[in-house]
Structure formats: C-alpha cells, structure tokens
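The values are calculated or read from the model by the stated rules, or taken from the named source; none is laboratory data. From a predicted model like this one, the values you see are computed outputs, not experimental measurements. Glycine gets a Cβ as well: all are built from the backbone with ideal geometry, and neighbour counts include every protein chain shown.
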Amino acid sequence: FEIPNYAFLPLLGGEDYLGASGLKPNNIPNDKLSWETTTMYNIGLDAELFKRQLGFSVEYYNGDTTDLFVNLPVPQTTGFGTFLQNIGKVNNRGYELGLKIAPDLGQLKWTSNFNISFNTNEVLELGPEGTPIEQIVEGVDSAFFRTEIGQPIGNYYLLVQDGVFISQDELNKYPHFPNTAVGDFRFVDVDKDGILDPIKDRTIVGNYAPDFTYGFSNSFKYKGFDLNIAYQGSHGGEVLNLLRRYSANSEGNFNNTTEMLNRYQSPINPGDGNTNRANRKSQGNNSRISTWHVEDGSYLRLQNVSLGYSLPKSVLEKLNFDKIRIYATGNNIYTWTRFTGYNPEVNKNSGTQLTPGVDYGTYPLATTYSLGINLSF
C-alpha cells in the first residue's frame, strides 16, 4: 500500500472558483497513523541428496498483520471520498515447495528447478464493530468490492449474470430491471424476494488472489553452448475485466470483440445464449458490472529463453580476451490463458489493497528480443 507523503497533516491545495484563486483542504488529516505490524513464524526444511543431484525445500509460514493502512470510504458530504486509517487485522498463511534436479550427465550439464506456492489471506478484524468495507472502482459505480471478516481481502461483490432472455415469455416470468428486453442479460435474484435489486442482489463472485503460483526452469550447458528456459504461472485467481463494458456490449460506440458474433439476434437465432443483443440504446442494463465481467485469470507464461555460445579458451588466448559470449534472449514470449484481455497479471488499482485485480485497458506487457555479446578482458 502506498502511503501519501504527510498524510497525517492537514494539507491545502490551490483551487479556482468563479474566476478567483484560493485554497482548499486536500485531505482529512489523521495524526494517529502508525506503522503496520506483522508477526510471522515459519518452519522449513532444505535437503540435498545424491551428491547434490537432487534437492528439495519445504516451508510453512503463518503471519498476522495488524493496524492495516486502509482508505475507508466516507460520506461525500465531507468533501472527500476516503479517509486513511489504521484498522483491521489480516492473516496470511501458506506453503512454499521447491524441487531441484541436477543429474550427472557427463559433458552435458542440466539443472531443472520447480517451485510452487500456496497462500491464503483472511480478514480477522475490521475495527471495533467489524463492519464490512465496500468500495467501488473509481468512475464505475456498479463495480463493487467487499472486504469482511472471515473472507479474503477485496472480494468481487457483484450481480450474477445468468445468460440472456431468449423469449418474451421467459422475460415475463423472471425478475428483471426496468427497460429490459428480450436478448438482454438475465440476472439472478440472489435473495429470492422476486424483485431484482442492484444492491440487495449482489454476492461474492470471485477474488484476484490465486489458489497457487508456480514456476519452473531448465538450464543446459554443453561445451560452449548454454540454453536457459523459464516459465511462470498462476492458477485460480479471477480478473475484473472492465474493458468489456466497451469491447463486449454491442452498443456501437466502440469496436467490439469477436465474441459478439455469438450474440442474441432473435428467438430462432439466440446465439450462444449468454451474449447480449446488439442495441444502440440499452439503457445501461447490459453494462451493469456482473459476473459477465469476471474472467479466469489463470495463466502459464514462457517468461524467458536465452541461448548463448562462449568461445573456447584457445580462441580467447589469440584474441587476448578472458571471455567472449554471444547470446540471443527473449522475454515475455508467450502466455497461455483464457483471459480475453492483454495481460492476466494486471492490477489497475495498485495503490490500494481493497480493490485488486482490475483491468481497465491497462497497457500490455512488451515482448522483447535481443542479441548481444559479452566481452571480458
């Protein structure tokens, strides 16, 4: 969490009003801010066997963080949106496992590494009353996050989209928002009161935190050649892809993704039964943030490949160099994922831990390739 400078002091900033310049408060001061405190314990085992040809590591950790820095929402009548406080207690616990293989293959040197981590975070306290904290993504009034005791930080708290209305008869029988038409999204009546409500019918639908992260790499050396390949991945987290408000709404304001080819068109051509109709004036119902915008953020990425060749000693002596290595390297080469955005490893709101995992058209990671030579005298 990034703490603004001098957040404990009352600050003033310039403002123009009716053609006159003046000063206004920039923040709600809090002279009681203090450090977050983390108490952690862990236990682990590292071992190497068979003349270091096989190694493994196991570690368990468990820690509590108290006096969390949290920007709590405050009434707009204060003139501000949030107030920075020390509040709450969170537990983080998990396992980290590692495996290393380096068999003796003569002139061929091969080393393989694998690691996997499982982490769980759970909110234990939220102030004296334990009231859940709800926050929205700035500028998107229906993109809610909820942090509450017994749950991870920053759950997506949204409507549940359940396909589209295929016929007028179905629309008449099912709770729906005003102005909804056949081909529009059907939302679940979560509290089962027969009335669809944008606030009461929200529920927890996912979280950015993955079930586990992992990585594996292989390095090979044979005579003067060396090859290194590294992968990293994540499984189980979800991403709130808000770019779909524009790229998958069929309102005609922006170019849409090819998934809209499967949209509802008529009762005899309902598409895939999950994609809304094209409508220039949808009255906003199909743009309500829901599970339609939550995607699986699991991925496996080919992170790095490097191939090199080091000139033999006999050549180096003639050239008066200690080492010459020619290499080619690629980074962020390919990502296997079902996520429809640019990068599943994304977080638009990196400044706050209460609204994680948002993609709102975040600039993608670059794939880079390079050629080079290392010279040592």
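In this structure, residue 324 does not satisfy being under 22 Å from residue 254 (Cβ atoms), out of contact with any Asp or Glu (no Cβ under 8 Å at 6 or more places or on another chain), aliphatic (A, V, I, L, M) and touching a residue at least 40 places away in the same chain (Cβ under 8 Å). Which numbered condition in (1) over 20 Å from residue 32 (Cβ atoms); (2) more than 24 Å from the chain's Cα centre (by Cα); (3) surrounded by 15 or more Cβ atoms within 10 Å (Cβ to Cβ) is the only one that residue 95 fails? Exception for residue 95: condition (2). When 12, 45, 54 are checked against the criterion of being surrounded by fewer than 15 Cβ atoms within 10 Å (Cβ to Cβ), touching a Lys or Arg at 6+ places or on another chain (Cβ under 8 Å), within 24 Å of residue 213 (Cα to Cα) and not aromatic (Phe, Trp, Tyr), a single residue qualifies: 54. The set of residues in segment 247-265 being touching a residue at least 60 places away in the same chain (Cβ under 8 Å) and either at positive phi or outside any loop (DSSP other than H, G, I, E, B) (or both) consists of 259 alone. Only one entry of 156, 214, 208 meets the criterion of being of a type in the set (Ser, Thr, Tyr), within 30 Å of residue 272 (Cα to Cα) and not in a loop (DSSP other than H, G, I, E, B), and that entry is 156. Of the strands (runs of 3 or more DSSP E) lying entirely inside segment 1-67, the ones with 1 or more residues being modelled with pLDDT of 85 or more and closer than 30 Å to residue 125 by Cα are found at 37-49, 54-66. Hey, any hits in segment 157-167 for a residue that's out of contact with any Asp or Glu (no Cβ under 8 Å at 6 or more places or on another chain) and either among the aromatic types (Phe, Trp, Tyr) or closer than 25 Å to residue 88 by Cα (or both)? Within segment 157-167, one or more residues are out of contact with any Asp or Glu (no Cβ under 8 Å at 6 or more places or on another chain) and either among the aromatic types (Phe, Trp, Tyr) or closer than 25 Å to residue 88 by Cα (or both).
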